[in-house]
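Reviewing the structure listed below.
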Amino acid sequence: MILLANSEAWPGFVETVDRLNAGEHGLGAMVAGISKVEHEVSVRSVGLGGWPNMLGEMEFDAGVMDGTTRDVGSVGALRDILPAAALAQAVMQRLPHVMLTGDGARRFAQEIGFPLENTLFDDSKRVWWARLEKELTPEQLAAFPYIPLAPLSRTITDPERVRDTTVFLCRDGSTGIHAATSTSGWAWKYPGRLGDSPIPGAGFYADSRYGAAACTHTGEMTMRCGTARTVVLAMRLGHSLGDAVKLAVDELSELSTGFLGGVVIHAIDAQENHKVVSFRCGEGIEYWLWQTGMPGPERRLAETL
């Protein structure tokens, strides 16, 4: 077995390891772990600790994929509901659809027993409003939120440059390879913006025959390139894990227009090899790894391109 996750997965990584060791299906084990991350306020890129959109509203995206059946569930622009990854799994299990967004996702969550909750952390609200006060004129503040938001999209940037996503990939005891993601998205995003985290093929993809991949950071780029699917498809076509990830990075590097930034690719193959590559995100990107036979999870450094 193998479990791979980004550095901010620490609140729930051991939970998932324990469940895998107990023989649980990999997808359920990962959703249980991600749920713990979503409720940890010190993780500032997902769940309760995340940053709001321009209107001061929390909007969550999440996705899950069973690599054996290739069933997918995802939610986007979800408000007032956590854990988002668990709701994505419920979409996969209970509906004929792949994705629900906005009010529809919120309604479905209530129908199946998810309680509404205040998901805007007090400190996030404070930082959000302080930034607005810095950027807007007194007249704009008085009229807020009934002002044009688009001009702010390049002015208000992440307070901590947070464009990360919680991603979990595993190969479980039944040799199933699965993926799960969750994020609060880009801080101060335009309301309704979806990143790559709920988009199968862009932010995540899994196929138990070949492997899985998931991406963090600049989803606008991975959506344009179908990065997660590129990695898995390349392995299907006979490329090694390393060459598959390199091919995906080469595609990202070809982009020259639109919003450009960094991407981190996390990937595993059916032989339980793994690779984490930081593309234009600099050095120091870390991730979590656990494999059968290891005494415990290890935090490691990603390769830098």
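List of remarks:
- In terms of surrounding Cβ atoms within a 10 Å radius of their Cβ, L20, L152, L27 rank from fewest to most as L152, L20, L27.
- Debye intensity ratio in log₁₀ form over the Cα atoms of region 63-175, taken at each q of 0.14 Å⁻¹: -0.79
- For a modelled paramagnetic label at R94, 7 Å from Cα along Cα-to-Cβ, the residues of region 108-131 in reach, with backbone nitrogen under 13 Å, are 108-116.
- Peptides 252-262, 229-239 ranked from most to least packed, by the mean per-residue count of other Cβ atoms within 10 Å: 229-239, 252-262.
- Against the main long axis of the alpha-carbon atoms of the chain, helix 102-111 sits at an angle near 70°.
- Most fluctuating residue given options H97, H178, H39, as computed from a GNM of the chain linking Cα atoms under 10 Å: H97
- Residues of region 242-265 with amide N under 13 Å of the 7 Å Cα→Cβ point at S153: 258-260
- Crossing angle, helix 241-253 versus the chain [Cα axis fit, 0-90 degrees, rounded to tens]: 30
- Relative to the longest principal axis of the Cα atoms of the chain, the long axis of helix 227-236 lies at roughly 10 degrees.
- Sequence-separation-based contact order of region 2-304, relative, with Cα cut under 8 Å and 6+ spacing, percent: 21
- Distance cut-off 33 Å, percentage of C-alpha pairs in the chain lying past it: 19
- Helix-only CD estimate at 222 nm, as mean residue ellipticity for the chain, using -39500 (n - 2.57) per DSSP H run (n ≥ 4): -9500 deg cm²/dmol
- Length available on full extension from Q110 to N21: 0.36 nm per residue minus the Cα-Cα distance, which gives 28.8 nm.
- Here E117 and D243 are evaluated by their C-beta separation; at R0 = 30 Å the FRET efficiency comes out at 0.10.
Quick note: the coordinates plus some simple rules give every number you see, no bench work behind them. For clarity, every value in this text was computed on a predicted model and none was experimentally measured. In this analysis, Cβ positions are derived from the backbone assuming ideal geometry, glycine residues included, and neighbour counts consider all displayed protein chains.
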